[in-house]
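Asks: My questions all concern the structure below.
Each value in this text was obtained by applying a stated rule to the coordinates, not by laboratory testing. Quantities reported herein were computed from a predicted structural model and do not represent experimental measurements. Note that each Cβ is placed from the backbone with ideal geometry, even for glycine, and that neighbours are counted across all protein chains shown.
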């Protein structure tokens, strides 16, 4: 996804399924205990380490186990004595499959860390591998990793553990699936999280998601009574009242041009875009509609005129599309022009169509 990782030229040898690498120690005495074990154990260590390897929980086959064997120990008494870092179990298997220290992740820089909800993760020079019984082992790295790691402890509660490896979408775009959402990355958009109801809506679009909306260009943000997330070609809005709705294209452009006044004046979108036989379109919002046609462009119909228009069962066919915005006639009266007539409204008279 990103440029290949840079690695220092640290000498290592492979012997009997082990990777041996010289790693300078830091003058500490460490007890390193892997959280899941298998027959495949990689120890990154100097040529003659004083260490033993052990296992203590689940193997990569998905079978939980417990071992009373002593944990692997790495002891450093001086700043020049190397230390041993064990990479074992399902994490070790994936690490080996990714070419170990020669691969994208580089050398291990810490022992496994247990997760409070079950599972473990291990830090490498250029990323991490996470493992749990439910998700298996998956690496997180590059731009996607930068976002996930920056979330700190909220990563697990917001989007959970990775359930798949990063996937190439083509044209420099990448995605990785997590338990409760996805992270997308590209050179032009950067990395952004899509989760919750907005992710459900985006997923429901299937293959048309990229054609209609493209990749996310921002993280979700709070708007009036809901949430919104911007994509390359439109937005997804979500609220408890409306659920998830896509706004894009010509209608999306005029709604976006309203800025914060969009949700404030029209409310959130409450229906998907409807395309009429002549190619014109409209979309329902909580307090009005936006119509678009090739002839008249995009127009907003809302407030009292919008209520009158919406109450007409044959409004689009009878009145045609709006050709202008509403006009203030003074004294609380308003008028809006349509292809086949006008709608007048005032507090005293209510709304009436003249055609």
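Asks: Relative to the present Cα-Cα distance, how much length would full extension add between residue 276 and residue 355 at 0.36 nm per residue of separation?
Replies: Value of the extension gain: 26.3 nm.
Asks: Which of rounded, prolate or oblate describes the stretch 237-331 when judged by the alpha-carbon gyration tensor and an a/c cut-off of 1.5?
Replies: Rounded shape, in that the Cα axes give a/c under 1.5.
Asks: I need the shape label for the stretch 145-211. Rule: rounded when a/c is under 1.5, else prolate if a/b > b/c, else oblate, with a, b, c from the alpha carbon gyration tensor.
Replies: Because a/c hits 1.5 or more and a/b fails to exceed b/c, the stretch 145-211 counts as oblate.
Asks: Moving to a separate point now. Pulled fully out, how much extra length does the chain show between residue 180 and residue 133, if you take 0.36 nm times their separation in residues and subtract their Cα-Cα distance?
Replies: Here the segment from residue 180 to residue 133 would lengthen by 15.3 nm.
Asks: Once fully extended, how much extra length lies between residue 169 and residue 208, figured as 0.36 nm per residue of separation less the alpha-carbon to alpha-carbon distance?
Replies: Answer, rounded to one decimal: 12.7 nm.
Asks: While we're looking at this one, here's another question. Taking the highest mean first, how do the peptides 88-99, 266-277 order by number of other beta carbon atoms within 10 angstrom per residue?
Replies: Descending packing order for the listed peptides: 88-99, 266-277.
Asks: When the Cα centres of the stretch 250-307 and the stretch 118-186 are compared, how far apart do they sit, in Å?
Replies: Comparing the Cα centres of the stretch 250-307 and the stretch 118-186, I get a distance of 38 Å.
Asks: Using a/c under 1.5 as the rounded threshold, could you call the stretch 93-196 rounded, prolate or oblate? The axes a ≥ b ≥ c are square roots of the C-alpha gyration tensor eigenvalues, and prolate needs a/b larger than b/c, oblate otherwise.
Replies: Verdict is oblate for the stretch 93-196.
Asks: With an 8 Å cut-off on Cα pairs and a minimum separation of 6 or more residues, tell me the relative contact order of the stretch 219-279 in percent.
Replies: After rounding, I find 27 percent.
Asks: Rounded to the nearest 0.05, what FRET efficiency is calculated for residue 225 and residue 151 with R0 set to 25 Å and r the Cβ-Cβ distance?
Replies: Approximately 0.45, to the nearest 0.05.
Asks: While we're on this one: What ranking do 225-236, 186-197, 324-335 get when scored by the average of other Cβ atoms within 10 Å per residue, highest first?
Replies: Numbers: 225-236: 20.4, 186-197: 18.7, 324-335: 12.9.
Top to bottom by mean Cβ count within 10 Å: 225-236, 186-197, 324-335.
Asks: How high is the relative contact order of the stretch 80-178, in percent, with contacts defined as C-alpha pairs under 8 Å that are six or more residues apart?
Replies: That works out to 17 percent.
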